[in-house]
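Chemist: Sharing a structure, written as structure tokens. Questions coming.
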């Protein structure tokens, strides 16, 4: 097993992709809108990935946050609200907001589990800050760290109840960034005392099963390398100061914040301490470059992956009832 999660080109596997999966045995796959046409097609794709993989509990990821970040969209799949809605409700009724976030996440998980997807890249624990780039924006769970943590915990619990593993992101915090890491490398010039605020939700949820590392430069911690390829930030901040001991993956290595080939980026992320390199382009040349640059996953990464995926139990719940309860609670705002 190579320590990488990779993307796919389309709605069905090509012969080259099948051969790649058999040879490289990636640690997981991530799906995008280009891979999701309808329910039958998507289930056939995820079933084939599991049949080809040598992993007992293969992670198949997606970004299904709600609002503007949703790979499964109407009319084939239901629409979910942006995460900010729960932060707005929290201002008026905290307990109702926590319950709304939980049942919404459980409803998302039921939809995903039906499609054969067992990992959702949610919740965002980025604390919102005024003047930041809108790349986080209404995806954030608020601007007060402990509220973010409370809502984030509810999302993790809801996903698990519905049969999916959650991924907290973008550790150690993307909420101050004034640039979009999809396009360029953001630099957060805040000092260590200010950054401690952004660590608070991640520290509160340090027992989360998975986390995704930001492509952001934090000169207070490492003036040369963004967090995703910084041994200093991963070792001293994420693992030690935050205390996160779950499965750690990079953000998408194809993003404009980084430079180098796909293989060079993946090797840098794993060398820095990421358990898995995430590369989402779906291009065969990129996937092959990643595979060539990485050896077999080490025992610690394998153990963390197994431990995280053990949380993806059989989900339960009535989607219609959960959605109705969420909508009734959100109507309080």
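Chemist: When you go through 302, 307 one by one, which is the residue that is touching a residue at least 12 places away in the same chain (Cβ under 8 Å), within 17 Å of the chain's Cα centre (by Cα) and surrounded by fewer than 20 Cβ atoms within 10 Å (Cβ to Cβ)?
Modeler: 307
Chemist: Please verify whether residue 152 is touching a strand residue (DSSP E or B) at 6+ places or on another chain (Cβ under 8 Å), on the phi > 0 side of the Ramachandran plot and modelled with pLDDT of 95 or more, treating the condition exactly as stated.
Modeler: When the stated conditions are applied, residue 152 does not pass them.
Chemist: Can you find a residue that is modelled with pLDDT of 95 or more, within 18 Å of residue 197 (Cβ to Cβ) and part of a loop (DSSP other than H, G, I, E, B) anywhere in the range 100-115?
Modeler: No.
Chemist: Within the range 158-176, is there a residue that is in contact (Cβ under 8 Å) with a residue 60 or more places away in the chain, surrounded by fewer than 21 Cβ atoms within 10 Å (Cβ to Cβ) and farther than 27 Å from residue 309 by Cβ?
Modeler: Scanning the range 158-176 turns up no residue that is in contact (Cβ under 8 Å) with a residue 60 or more places away in the chain, surrounded by fewer than 21 Cβ atoms within 10 Å (Cβ to Cβ) and farther than 27 Å from residue 309 by Cβ.
Chemist: Take the range 314-328 and flag every residue that is touching a residue at least 12 places away in the same chain (Cβ under 8 Å), farther than 14 Å from residue 80 by Cα and surrounded by fewer than 18 Cβ atoms within 10 Å (Cβ to Cβ).
Modeler: 314, 316, 317
Listed here are the residues, each with its yes/no results for (1) more than 21 Å from the chain's Cα centre (by Cα); (2) in contact (Cβ under 8 Å) with a residue 60 or more places away in the chain; (3) part of a loop (DSSP other than H, G, I, E, B).
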{"site": "29", "(1), (2), (3)": "no, no, no"}
{"site": "42", "(1), (2), (3)": "no, yes, no"}
{"site": "51", "(1), (2), (3)": "yes, no, no"}
{"site": "76", "(1), (2), (3)": "yes, no, yes"}
{"site": "79", "(1), (2), (3)": "no, no, yes"}
{"site": "87", "(1), (2), (3)": "no, yes, no"}
{"site": "90", "(1), (2), (3)": "yes, yes, no"}
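Chemist: Take the conditions surrounded by fewer than 22 Cβ atoms within 10 Å (Cβ to Cβ), outside any helix (DSSP H, G or I) and either under 21 Å from the mean Cα position of the chain (by Cα) or on the phi > 0 side of the Ramachandran plot (or both) and apply them to residue 295. Does it pass?
Modeler: Judged against the criteria, residue 295 is not a match.
The values are calculated or read from the model by the stated rules, or taken from the named source; none is laboratory data. Because the structure is a prediction, the values reported are computed rather than measured. Note that we place each Cβ from the backbone using ideal geometry, even for glycine, and neighbour counts take in every protein chain shown.
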